[in-house]
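Chemist: Supplied in structure tokens, the structure appears directly below.
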Amino acid sequence: MHKNRVRNSLKFSFLDGVFASGMTGLTSDYITPYALILKATSLHIGFLSAMPNLSSALVQLYSADIVDRFKSRKKVINLFVFLHLLMFIPIMLVPYIFSKPVIFLIIFITLLNSFNAIALPAWGSLISEYIPAKSRGKYFGWRNKILTIITVFFSFVSGFILHIFRDNVLRGFLIILISAFTFRFLSWYFLTKMYEPPYKLKEDAYFSFFDFIKRLKVSNFVKFVLFVALLHFCVNIASPFFSVFMIRDLKFNYIIYTILVTTVPIFNILTINRWGRLADRVGNLKILKITSLLIASLPFWWIINQNPIFLILIQGLSGFAWAGFNLSATNFIYDAVSPTKRTRCIAYFNVFVGLASCFGALFGGYLVNILPPLFGYRILSLFLIASILRFLVASLLPKKIREVRDAEELNNIDLFFNIVGLKPNLDRDLKK
């Protein structure tokens, strides 16, 4: 690839990320509160999480085929990001033109996520070609850190807007959604400026979703996909209901809610560079193993104490763990899959994770209405079940997966203490 074009494309990709992160910060943690204002029930919240995941998974069965049909990843990215942009218009108008706004909100959020999902594998395949394999952990760690800062800032902006308009919350949400629409438009504009190397369609790179599944017993990558998908199933049993628990049950105001939800990305920022350097050195699988165990513990801590100060610490642990897990999972895909098969493998990975997330959210939405209360709340019973299932997945499945790159040996204890800064000598070595 032409170096100047790649350099410019990385610049445009970063600017796309800046505005996309602003959009994400404004909206991602506020769709559930928006639904609650529209009188959504716990079952509605389950569907609000499940249906976008289900639809996103199903459309990605065909996302690689769409790229092959267009013979261009860039055209697919530009078209479907533009459609994603347009979906903000009906979402902001839902309270004003529909008699059953929650149902239509679920429909439009589902379409919003689906259009974005079609573009994601093509974007991941394209961006991975710009970065040498040995530098991906460092680059994406740096990139994610900057973009997460932007996400956090605009999440605070949304919380501040809702606090100002607490006597007319729908007006606050309208301002937020108009702003998100504007940011996504700017994001789309910079995506159109990216350079794409000539697309080469290779017949031997094609394999169907069922061909992919049939390789479960022999394919290390398929085993990795199964592990991540099952963990997301367990995660989504509880994750859609943390916002419900904070706003509906604990009666937290929007300022406390915003502080709690932004603590996760703040700790992501503080630790992602360390995770990136470690991933480049010790491999991605080691980090996936330890962070999945930390992720498994998260719902349990919410059962012990619901004091906001304590929950800030737990949200910090969540940001710490998810930063390492998400970065390493992404880089594992890039390392394990050849460029010609990468778009299709990313798509099938997202299909598995999307379906698992969907069924996890539906299962959680069903359980939360039939479980006996724990310490006065049904949701806490749900959190306990989710935590137990997460531990089962995190402790069993990673043993069947092998690292796909050269990596130094480092035991879990040394890895953990290095990440939290209690191994200064090793930390200095990592910085060299």
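The values are calculated or read from the model by the stated rules, or taken from the named source; none is laboratory data. Fair warning: this is a prediction, and the values are worked out from it, not measured in the lab. Cβ: placed from backbone, ideal geometry, glycine included. Neighbour counts: every protein chain shown.
Chemist: Does at least one position in the stretch 334-341 carry a residue that is touching a Gly at 6+ places or on another chain (Cβ under 9 Å) and modelled with pLDDT under 90? Give the derivation first.
Modeler: From the stretch 334-341, those touching a Gly at 6+ places or on another chain (Cβ under 9 Å) are 334-335; that's our starting set.
With the extra rule that they be modelled with pLDDT under 90, the set shrinks to 334-335.
Checked the stretch 334-341: at least one residue is touching a Gly at 6+ places or on another chain (Cβ under 9 Å) and modelled with pLDDT under 90.
Quick grid of which residues meet (1) surrounded by fewer than 16 Cβ atoms within 10 Å (Cβ to Cβ); (2) at pLDDT 80 or above; (3) not acidic (D, E):
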| position | (1), (2), (3) |
| --- | --- |
| S179 | no, yes, yes |
| L191 | no, yes, yes |
| D204 | yes, no, no |
| F209 | no, no, yes |
| V218 | yes, no, yes |
| F221 | no, yes, yes |
| V225 | no, yes, yes |
| V228 | no, yes, yes |
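Chemist: Among the residues of the stretch 150-171, which ones are under 28 Å from F80 (Cβ atoms), surrounded by 17 or more Cβ atoms within 10 Å (Cβ to Cβ) and not aliphatic (A, V, I, L, M)?
Modeler: T151, F154, S155, S158
Chemist: Among L270, L250, which is the only one that is among the aliphatic types (A, V, I, L, M), surrounded by fewer than 23 Cβ atoms within 10 Å (Cβ to Cβ), at negative phi and at pLDDT 90 or above? Spell out how you get there, then give the answer.
Modeler: Working: L270 fails: at pLDDT 90 or above.
Of L270, L250, the one residue that is among the aliphatic types (A, V, I, L, M), surrounded by fewer than 23 Cβ atoms within 10 Å (Cβ to Cβ), at negative phi and at pLDDT 90 or above is L250.
Chemist: Could you pull out the residue among L86, L147 that is modelled with pLDDT of 95 or more and either more than 23 Å from G319 (Cα to Cα) or buried (at least 16 other Cβ atoms within 10 Å of the Cβ) (or both)? Steps first, answer last, please.
Modeler: Details: L147 fails: modelled with pLDDT of 95 or more.
L86 is the lone residue from the list that is modelled with pLDDT of 95 or more and either more than 23 Å from G319 (Cα to Cα) or buried (at least 16 other Cβ atoms within 10 Å of the Cβ) (or both).
Chemist: Looking at L191, L174, L126, L86, can you tell me which residue is farther than 28 Å from F267 by Cβ and out of contact with any helix residue (DSSP H, G or I) (no Cβ under 7 Å at 6 or more places or on another chain)? Working first, answer last.
Modeler: Values: L191 fails: out of contact with any helix residue (DSSP H, G or I) (no Cβ under 7 Å at 6 or more places or on another chain); L174 fails: out of contact with any helix residue (DSSP H, G or I) (no Cβ under 7 Å at 6 or more places or on another chain); L126 fails: out of contact with any helix residue (DSSP H, G or I) (no Cβ under 7 Å at 6 or more places or on another chain).
Going through L191, L174, L126, L86 in turn, the sole match is L86.
Chemist: Can you name every residue in the stretch 19-32 that is assigned to a helix (DSSP H, G or I) and either of a type in the set (D, E, K, R) or in contact with a helix residue (DSSP H, G or I) (Cβ under 6 Å, 6 or more places away or on another chain) (or both)? Walk me through it before giving the result.
Modeler: Pass one, the stretch 19-32, residues assigned to a helix (DSSP H, G or I): 19-27, 31-32.
Passing the criteria: F19, A20, S21, G22, M23, T24, G25, L26, T27, T32.
Chemist: What do you reckon, is S187 modelled with pLDDT of 80 or more, under 30 Å from K71 (Cα atoms), of a type in the set (S, T, Y) and assigned to a helix (DSSP H, G or I)?
Modeler: Working: modelled with pLDDT of 80 or more: yes; under 30 Å from K71 (Cα atoms): yes; of a type in the set (S, T, Y): yes; assigned to a helix (DSSP H, G or I): yes.
When the stated conditions are applied, S187 passes them.
Chemist: Out of R390, R428, report the one residue that is of a type in the set (K, R), assigned to a helix (DSSP H, G or I) and modelled with pLDDT under 90.
Modeler: On the way: R390 fails: modelled with pLDDT under 90.
On inspection, the qualifying residue turns out to be R428.
Chemist: Please work out which one of (1) at pLDDT below 90; (2) within 30 Å of T41 (Cβ to Cβ); (3) of a type in the set (F, W, Y) is the condition Y139 fails and give its number.
Modeler: (2)
Chemist: Being assigned to a helix (DSSP H, G or I), modelled with pLDDT under 95 and farther than 29 Å from I287 by Cα is the requirement here; does S158 meet it? Even if it seems obvious, please write down each step before you answer.
Modeler: On the way: assigned to a helix (DSSP H, G or I): yes; modelled with pLDDT under 95: yes; farther than 29 Å from I287 by Cα: yes.
The answer is yes for S158.
Chemist: Go through the stretch 395-415 residue by residue and tally those that are farther than 13 Å from I287 by Cβ, at pLDDT 75 or above and either among the polar types (S, T, N, Q) or surrounded by 15 or more Cβ atoms within 10 Å (Cβ to Cβ) (or both).
Modeler: So the answer is 1.
Chemist: Among the residues of the stretch 355-374 satisfying the criterion of being in contact (Cβ under 8 Å) with a residue 24 or more places away in the chain and part of a loop (DSSP other than H, G, I, E, B), which is farthest from S114 (Cα to Cα)? Don't jump to the end; show me each part of the working.
Modeler: So the first thing to find is which residues in the stretch 355-374 are in contact (Cβ under 8 Å) with a residue 24 or more places away in the chain, and the list is 355-369, 374.
Still in the running and part of a loop (DSSP other than H, G, I, E, B): 368-369.
Details: V368: 26, N369: 28 Å.
Out of the qualifying residues, it is N369.
Chemist: Take F104 and tell me if it is part of a helix (DSSP H, G or I), surrounded by 22 or more Cβ atoms within 10 Å (Cβ to Cβ), aromatic (F, W, Y) and modelled with pLDDT of 90 or more.
Modeler: Details: part of a helix (DSSP H, G or I): yes; surrounded by 22 or more Cβ atoms within 10 Å (Cβ to Cβ): no; aromatic (F, W, Y): yes; modelled with pLDDT of 90 or more: yes.
Against the criterion (part of a helix (DSSP H, G or I), surrounded by 22 or more Cβ atoms within 10 Å (Cβ to Cβ), aromatic (F, W, Y) and modelled with pLDDT of 90 or more), F104 does not qualify.
Chemist: Among the residues of the stretch 345-371, write down those that are more than 16 Å from L226 (Cα to Cα), of a type outside the set (A, V, I, L, M, F, W, C) and touching a helix residue (DSSP H, G or I) at 6+ places or on another chain (Cβ under 6 Å).
Modeler: G364, G365
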